[in-house]
Structures are given as structure tokens and as C-alpha cells.
């Protein structure tokens, strides 16, 4: 008989379980199929033509519709949760997230994380763990690479304090690094009517602000199905019994859900932004709960050419999502503080046909 | 910087944006997969053998299971919403809806609409737009053709009144026009035990009335997932924040959801009505909301032979759906008025093996 | 015109409609696809590597990822409902459930049931029907075989009492009968890191008890989508209008939903139990409703070798699920009575790599 009821179960890693340079191979490998795509579509309602139509994708140079970039992100991210953030107090940030290879239905994804930074908090109860996580397809090619940092509980407050190391992470991905996951496209063959908007790369300018107009109300069943689809096991999203005694009294929706909703909403105004090439950073400003209605607006921070590419250009976008607050006036901050309706502030690069 | 926050977003067309003879090509092309089929099955629970089993479909002469006809309808219809009915006050009717070609997983659908009629209302605030919408597969073949008319707001009440033109639409599709989307089937190989009912075409007679017995309660997550799956962007279905101040105080369920629920319920009594060949017309008599339980009954309006087809016959059905009201007594009207429980009254042709 | 509104609808069989030796072929044949797999994953969040990754499955000797065993069970079970248990007062038990052949996406399943026992209850109002149900793939091979017994209403209390016959069913499936649905695997190639746990067959011992820790809250939309996916038509799961006047005042969740949730939860502690080979029996101790949070724990009843197999060993598990009650202390019974939080007590065989 086991010595303890938990001898074979995983309680997740605590701060003192991480070591600089450690590489963690994550479970569970996952073959992504058209079934996953359909469920993702039903949950978010994406309308980007490249991801919706094999015929459209082929016309511009893909072999077929690639997976939605965020579906790839969520699946890779989900794999890291059980090893990295099961005992996280907070997800503090992302940086340097780059999509490196198109992923198509049938691909099998795995993930690893390298511990690249550690800093114990002065209270000795928690510490910050910095990891670089990578997703790979079944050929071993990297498809996604990103850094994130989380505040993790210590199992034992008296555990030794590790040498502090804070990694140097870029504030933004350089345009020269964009586009690895986007084949050279036939921009002239890109049918803007079918895609839903006449506006190409050259129609957007730094400083443009776009209200995405529509709102989507989230239900418990929806975010649970989505988050389980990614095999993300963070407990706070699924367990109402525990959360009824928790900080919010209810299930917290996975932050990635707000990102996917914002992306889907952004179609209205950015219909030809067919590929997310990189995520520079993001902040989950406030929690999202079932019953909330999500709105979003975007600002073009930079319109950049990609070296040696005449087919596509890159827009650096800031997309801000709110709850129960339409965005015709672009709510963001009042002084230092975020508008209380803001839930997400994300900075990323999208590609558009030229 | 853009002149306006909405310079690149679509607010949908208003009445004065439509012109007789105008052809509108709709976004977004869409490849339908077995993933869409599975999600549709999970949402409606269809049990028709031809759509459920590749082996069954092949036995009677299909290459594999075709898509549910209503899934095709909803996806084509969904494409038209952003261009035709985003500013609709009311969906007034459908007519002459014909399924023209079997659609299988892997097909990519696109859609166009021709403006075939216009009539401004006397209040100058709204007008009726008649369109003929068509769905096409990736080979360019039409798979679906239907007319509908919607009442649309004017952007500007002083805009010029167009010449009135009201199209002549058939009250019912002629039997000679039915069956284009149904291959010649081996009726003798159609296994009625596997299909769930011994009753073939010849067992139904004009005037037969059938209570479909069961009820299905609808949840917000379900209708939202379904309607997003069709990329239908009508705002009233998704935005509780806005609708809390709206006409009903809550999200209105897409009318097509009630049609699909009724079709699924109709299996009990019409299990061998394996194909919807045409929809003659339909009326959404009352709104459907989350938490309502849908029931349905059907009447055989006509049992018709199809010229030159000995394999299948056609039943013209009237199916009536109710909410929170079982239908053993076939509720419909008291005098001119519909029974208050009725939500849907639809007139369509189904095919059955002879 | 039909003589009755229900002349063509099925009301299900009553006790007096069953005869010993009768074989019932069930509707509806069903092709299972990767779409069904994705939806099942979204609903339950399974993380077993063999079912999640084609690449992982191929490494150990499968042609690709097999379907989750319980998805096969639910789909076969679902087919039997309309014929066997539509008028059931209670599902009394299962026995001798054996998985006989791996099932992969693309397979088409059908089902039959043989009536193997009958016993009228002394009140003459109900009787117990014992059936042996089998699922077959499109080649005619049996993929699943199980016995179950249900208490069914009589249509007419004066109907003749059949000769009583109670079948002799095994309390547990013999280890020699296990493994037909599991190919010989390359146990050395089974990557326990990717699979999420280092513990193989030899690490488990009779008497081990494992708390699976996590909890999952169930929503109405989730169990309805799942149960419709299986084409299970039991009315009590879908019809709030009727159930508001019923025994519980609300929709009862399909018992199989609790089994699938428990299986998904059991990953934490039993990550390498990649295949359910047999179900010896199970009891739905208490009903599960929307909003309840399910927890689970397991006990190893036996660790058994399978004759002539060096690749895998079998664990006989008892998994107990509770609602709104974590399981660190393994709640089960106080004397004869179950702990009031227990909802499921199931006894089954899983295979693990050696």
C-alpha cells in the first residue's frame, strides 16, 4: 500500500523545485485535427479566410488552411501548466513569443520548457520562475517559442534561496524575426472581397485606432470546453466547489480565452490580418467571468516592412479588451490606472497582404 | 490616423445601400469538415442514418455520408448576414429554398446574394430587401438556392426612395424540382431497422399528423456555439450586455436553431425522411430563449411522386415547434392567432425511400 | 389520416414487449470521426497519451490513436437506449463488459442486444430486463460486449407474467479475457515522461489508494452535448419542462458522464493506465446534476498478469466519484450506507505498460 494518498499523483512543482538550466519535457503529446479546429471555431467564431477555407489558403500559397495561431499557442501553453504553473499565484507576463512554422491538422505537438530565471520574493513564501517554452511538431521542428514568468508558491518557506537570475527579454520582437510561419504568399491572388475587407497592409498607419464594435458574452460551458480542449489543467477554471471559497467566489476564465475572443472580434476592422506572427507581451488586467460580455479595440503601434518580403507587411497592434463596456472611445487608462472595464492589454504582430 | 474609429469596420448595409440587380459576394469561404459534423451532432443529436453512417450511406448509393442539409443551409445563410441583415429589424420570410447538390465533408462553400426586390416602408425609416442567395462548392457548382426578405433600417431617412419591385416567388417548390441533391438510391438496400423506423414513403398520407413527443431544453452555450460555427454574426445572439437593454432583455436564439431542433425531434415519426430537398417557407412565430424546451409536431401536407424517380418520394411537411408545450394535440392556431406556445411554422419537402 | 398521433412514433418497449432469446438490432449506425474525438476531449479533457497523439500511439505499436474506450462504450450504449431503456424506471447494473477490438476514427459502429433474462416484479407494474449488448464495426467484428439490466415499466399491468430467468453473470472479468482490444505494445518505447507519470504496472500494488485531487464542475450544456453526441435519447437528460415536474425537479445527468469525468480525473495518479480493458460492474449511487463538482479516488483491487503478455499488466480498479466533496480520505461507506457525497462506484480493469 502506498505510503500516502498522493504518492502517485502530481501536485505540481513548487518554487524550490526549479533550477536554472533545467529542461522540462511536458506531457501530453497531442495530434490536432479538424475536429479541434471545428470546436475552436464554434467557441470563438473566427472568420479569417485563410484559416476557414482550404481553397482560399491554397490560392495564396498554403497547402491547406493552417491552424489558428492561437489554437497552437493554447495547446502548447496548456502542456506547460501541469509542470510550471499549477502552484502559480499569478501569471505575470509573456514575452518574445514567435510562431515559427505553419501547423496543419494532423500535426502532433509536444512541448518543453527551459528554466531561464529565478527570483525569490522577499516574503520567502513565493518566487518568480522564468521559463522559455517551445512547441514542436512530430518532425521535431519548433513551431512556437515564448518566454513567460509566473509567481509560484514555495512548498517550504525554509527552503534555500536560489541565486537570483532575471533574464533579459526583448520588449518587442524585431520585424526581421517575423514571418517564419507564413509561406511566401501570392498577394495578388488574395481576394479581399472573399476575405471580408478591402483594407490591405498599406491602408493601415501607425496610430490608427479601430473599435471592433461587437460583444460576445461568455458562458461557463464555453470556457471550460475550450480550456479542456487545450488539456490545460489549471484548477481555478473548472472547480466551482473550490472556487466558491476562493478569491473570486467563482471560476476564473483562462486568460487565453480573452485573447481568442479579442482576436475573433478584431476581424471587424482587421479582416486581412490573417496571421499572428509574434506576441510581444500581454497583461491580463482584470479577471473575466462567465456572463461577462467582452468588447475590444485595437491601435496600430507600428506598420513595418519585413526584410526581403514583398508579399506581406507587419502591423504591431495593441488590442485592449473590456468587459461589459463597448469601446467606441477606446478605453484604456485614466492616469496610471487602467479603466476598470479593461481586462486585457496585449501587444502583438500580425501579417497582412501587401 | 483614421478619420473615424469605424473607418475600417463594417456596420453592415442599410436600406439605401441596396440596388436591384446588385450581386454581393459574401465572406468568408469555409471548408466544412467532419469536425463541424460532430459539433452539429452534439448540438442537435440528429439520428438520421444516412447522415450518421458512411457505411449506410454507401449501401444506398452515396459516396459517403453527406452533410446534414440544415448545416449547409446555416453555413450559407450565415455568410449572408454581415452583408444583408446586420441592420435588419426583422427577418420576414424565406421562399423557394432548394438543395441542389450533395455536400460532403471537405467541401468549401462560398455564397452570393442578388438583390431581387426593394420596397421602402411608408414611414421612410425602413424598407424591405428581397435577395436570392446561393451557396457554391469549390468547383463552382450551386449547392443551395433560396430567396429571403428582411426589413432593414435606413441610414438616412431622407435618402431617395427606390423604385418598388416585389419579386414573384413560388408558394411551394414544384416536385419536379426536387431531388437534385439526392443521388438515385438503392431503395431495396435501405435497411429500415438500422434507420430506426419501418415506415417508407408509401406509409405516409396527406393529412397524417405526427407528434414528435420529445422535448429539448436549450442553453445559452449551445446556441452560441452553433451560431458561431456558422460564422453568423448577428449581434442579437451573442451580446448579453447590449440585449439586456434590448427588446427582450436577453439574447435571442438564431431562428435556424429552432429549425434544427425541430428537424432532430422529427426523427421520432419521420426517421426515414433522410433528406430535406426544399423549404417552401417558414415563419418564426415567436422568439426562443435559453431555458426554453422545444417540442414539435408535423403534418403531411402532400405526398408526391417525383417525375422519373422510382427510388424516393417526396413528402411536403408542415412542422410546428412550440416552447414549453408538448404537442399531442397539435397546437397551431386559435382563429387567426397562433397558439402562444408556437415558435416556428415551417413548410418543406423531405425525401423518403419508396 | 393516421388512427393516432403516435402511429409512427416510437414510445419504446415495455416489459411485456421483451422475450427471452429475442435479438434487437438497434438504430442508428454511426461513423465516428476525429470530430467526435475532439468534442469528447473538449468535454472531458482526457490526457492519456495513447488517445491524444497518433505519434505516441504509433511508437508503441498502434496504427494511430485509438478512440477513447468510453467514447466507444457511450456510443454503443446510446444505440440501445431507444429499444431497451426508454421506459426504464432504473438502470440497475452492468456486468461482463469487455472491449474486444481497437476502434479508430473512421469506424462505423452498430449494435444489437439479446434478451437474456426477465423477472417480473411482484407489484406487476414493472419487471427487470437483462440484455447482452454488442457493438460491431463495419467489418462485422465485435468491438464491445456487455450485459446490463434495467427495471422497465409494463404497458399493461394485466399482461401475462413471463417465465422468470435470471442470467448467471460473472462478478469480474477473468484476466485471461483481457487485452483483445490492445495490440502487443513496445513497452520499452513507451515514454513515461511524455505520458505524464513514471509509474508503470509494477509500481502499483493491491490496496493502493489514490486521490485524484482535482474537481470538475458540470454544466447543462456540457452533459447535453455529450449525451446527444452518443445519440442517447433518454428523455430525462434533455427536457427541463418535463423534469421540472419530475422526481428531481431538474435534468438528470447521464450516468456515463460521471464515468467519463472520473476516468479523466484518474489521469492524475494513473496516467499510464492507457486502456480500459473491461468493466466488471458499476453503480450509480446518487444522481448528478448541473452545477455539481465531481471528484474521484481509486483503489487497486488486484494487480494481475495477463496470460502470455509481457508487454502490459492489468489493474483491477475501484473508482469512486463524489460530488462537492474532495477525496483525500477516500469517502465510501459508513456501515452499509454510502457516504452521501458518493455518486459512482465502478469496478474495472485497466492495462498499463510493464
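Worth pointing out:
- Evaluated at q = 0.24 Å⁻¹, a Debye calculation over the C-alpha positions of region A:150-201 (equal weights, vacuum) places log10 I(q)/I(0) at -1.07.
- The shape of chain C can be summarised by an equivalent ellipsoid whose semi-axes, obtained from the alpha carbon gyration tensor, come to 34, 23, 20 Å from longest to shortest.
- Springs join every pair of Cα atoms under 10 Å in this Gaussian network model of chain A, and among A:89, A:143, A:152 the largest mean-square fluctuation is at A:89.
- Euclidean distance of C-alpha centroids, region B:239-276 and region C:290-324, integer Å: 41
- The simple spin-label model puts a point 7 Å past each Cα toward its Cβ; for residue B:250 and residue A:202 those points are separated by 5.2 nm.
- Peptides B:20-30, B:120-130, C:223-233 ordered by packing proxy, namely the average of other Cβ atoms within 10 Å per residue, highest first: C:223-233, B:20-30, B:120-130.
- Evaluated over the Cα positions of the protein assembly as shown, the convex hull gives a direction-averaged projected area, one quarter of its surface, of 42.9 nm².
- On the principal axes of its alpha-carbon atoms, region B:1-71 has extents of 60, 31, 19 Å, going from largest to smallest.
- All Cα-Cα separations within region B:228-354 were binned at 5 Å from zero, giving a P(r) of 2, 10, 18, 19, 17, 14, 10, 6, 2, 1, 0, 0, each value a whole percent of the pairs.
- Most mobile listed residue (A:334, A:207, A:46) in chain A, GNM with C-alpha springs under 10 Å: A:334
- Relative to the longest principal axis of the Cα atoms of chain B, the long axis of helix B:69-80 makes an angle of roughly 10 degrees.
- Between the beta carbons of residue A:64 and residue C:155, assuming R0 = 45 Å, the FRET efficiency works out to 0.25 to the nearest 0.05.
- The mean of 1/r over all distinct Cα pairs in region A:279-354, once inverted, gives the Kirkwood hydrodynamic radius of 13.6 Å.
- Across the identical copies, how the residue B:171 labels are spaced - nm, sorted shortest first, 7 Å along Cα→Cβ: 7.3, 7.3
- Percent of C-alpha pairs per 10 Å bin, region A:30-108, short to long: 15, 44, 30, 10, 2
- Calculated diffusion of region A:131-269, Stokes-Einstein form, Kirkwood radius summed over Cα pairs, 20 °C and 1.002 mPa s, µm²/s: 107
- The label-point distance for residue A:20 and residue B:305, in a model that sets each label 7 Å from Cα toward Cβ, rounds to 8.9 nm.
- With a 10 Å cut-off around each Cβ of C:20-28, the average count of Cβ atoms from other chains is 4.
- Cα centroid separation - region B:186-231 against region A:70-86, whole Å: 40
- Convex hull volume per residue in cubic angstrom - Cα atoms of region A:90-186: 135
- Region C:1-100 - percent relative contact order, Cα under 8 Å, separation 6 or more: 33
- Per-residue mean of foreign Cβ neighbours for C:74-86 is 1 (Cβ atoms of other chains, 10 Å radius).
- Selected from B:248, B:18, B:267 as most flexible by GNM, with chain B as the system and alpha-carbon contacts under 10 Å: B:248
- Within region A:185-240, the proportion of C-alpha pairs whose separation exceeds 13 Å stands at 76%.
- Distance between the C-alpha centres of region C:41-68 and region B:97-114: 34 Å, rounded to the whole angstrom.
- Mean partner shielding of peptide C:107-115, defined as the number of other chain Cβ atoms within 10 Å of each residue Cβ, is 2.
- The relative contact order of chain A comes to 19 percent, based on Cα pairs under 8 Å that sit 6 or more residues apart.
- By the helix-only formula, in which each DSSP H run with n ≥ 4 contributes -39500 (n - 2.57) and the sum is divided by residues, chain C has a 222 nm mean residue ellipticity of -5500 deg cm²/dmol.
- For region C:243-283, the ratio of Cα radius of gyration to the globular rule of thumb 2.2 N^0.38 Å stands at 1.62.
- Estimated FRET transfer efficiency (residue A:124, residue A:176; beta-carbon r; R0 45 Å; 0.05): 0.60
- In the assembly of identical copies, residue B:207 has its label point, taken 7 Å from Cα in the direction of the beta carbon, separated from the corresponding points by 7.8, 7.8 nm (ascending, one decimal).
- Inter-copy spacing of residue C:247 label points, which lie 7 Å from Cα along Cα→Cβ, given in nm from shortest upward: 4.3, 4.3
- Here region C:1-135 has an Rg and Dmax of 18.5, 62 Å, counting Cα atoms alone.
Values in this text are rule-based calculations from the coordinates and carry no lab data. Source: prediction; values computed, not measured. All Cβ positions, glycine included, derive from the backbone under ideal geometry; neighbour counts span all protein chains shown.
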